[in-house]
Amino acid sequence: MVLMLMVVLCYTICSLSDKYAVAKIKFNGNELTFLMAAATALFMTFTLPFVDTRVIWGIPAVAAILLLTASKMLEFQMSALILQDMSAFELKAWLGICLFVSYFTDIVMKTQSFSWLRLGFIAVTVIGLVLIAQAGRKKIRYGKIVLPLIVYLAAKYGYGLVIAAAEPYISSTMCLYFALILLALILLPMAHPVRIFREKRNGGLFVVLTKIPNVAGLLGENAVIAVSLANYSFIQPMILVVLFFWGIARKEEEHDLLSVLGGIVCIVGIVGFQFV
């Protein structure tokens, strides 16, 4: 639980910085994703002497790197499409599906045993997410976004599954490290980094520096995945709750009693799952 809270803190900082980068500095998706991947890989380089750098080169390790790269690429690209018709809170609420899928994956992989009580707390968390989503509900054209939504959820779940499945062949740190480098190289022609630092120098430096806590968050997240995919799937709802109450405190988000109740219900579900 302590490790999960550390990851949530790091990712919350990054989420707030990304929001600032898009809203104030006007970075587009390719620019922001390139800076995230390149800067995170750069800072991860300094951690390599202190972490597991095991790689057994072969088809499984290479496949894991390619799948992780695809997962991250699809996550960012699909979320950009979905958020044109759906609020960020509504999108996070759909991640409740990943909670159920990840929990049953843990059971199949024998990292957890089945518990009706834990399943109940997952359901409580999902109910809380749905209530929070009411704060940012839009009229959603599901016919337009159903495929991107399915791909987005599969990418989020797939990230944890690939990390867990590839562990015998490549450490989670090295798998992510190579995937980020590959992602940065793919986006290089579209991101135009020279133009970024010529036209948005201070903004680019700001985004790069805020990826330092992102490294800590990613390493911590991978450590959580090694223990449980379900715990990994709880990280995003926990971030959502923090950002939701942060928005209320700063009067940045519309809210009503129902959505505040959703935040409380979500916390009950998360804490209950961890301690039963």
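The values are calculated or read from the model by the stated rules, or taken from the named source; none is laboratory data. Just so we're clear, the structure is a prediction, and the values are computed from it rather than from any experiment. Cβ: placed from backbone, ideal geometry, glycine included. Neighbour counts: every protein chain shown. Side chains are part of the model used for accessible areas, which takes the heavy atoms of the whole protein and leaves out ligands, DNA and RNA. Shrake-Rupley method; radii C 1.70, N 1.55, O 1.52, S 1.80 Å.
List the pairs whose first member sits in segment 128-155 and is hydroxyl-bearing (Ser, Thr, Tyr) and modelled with pLDDT of 75 or more, whose second member is in a helix (DSSP H, G or I) and open to solvent by less than 60 Å² (accessible area, probe 1.4 Å), and whose Cβ atoms are under 8 Å apart, counting only residues at least 6 apart or on separate chains?
Note: pairs meeting the criteria are Tyr152/Glu75; Tyr152/Met78; Tyr152/Ser79; Tyr152/Ile82; Tyr152/Leu91.
Of all residues in segment 43-65 being open to solvent by 70 Å² or more (accessible area, probe 1.4 Å) and in contact (Cβ under 8 Å) with a residue 12 or more places away in the chain, which is nearest to Ala223 (Cα to Cα)? Before the answer, list the steps.
Here is the first cut: in segment 43-65, the residues open to solvent by 70 Å² or more (accessible area, probe 1.4 Å) are 46, 49-50, 52, 54, 56-57, 59.
Next cut, in contact (Cβ under 8 Å) with a residue 12 or more places away in the chain only: 52, 54, 56.
On the way: Asp52: 11, Arg54: 15, Ile56: 19 Å.
Restricting to residues being open to solvent by 70 Å² or more (accessible area, probe 1.4 Å) and in contact (Cβ under 8 Å) with a residue 12 or more places away in the chain, the top hit is Asp52.
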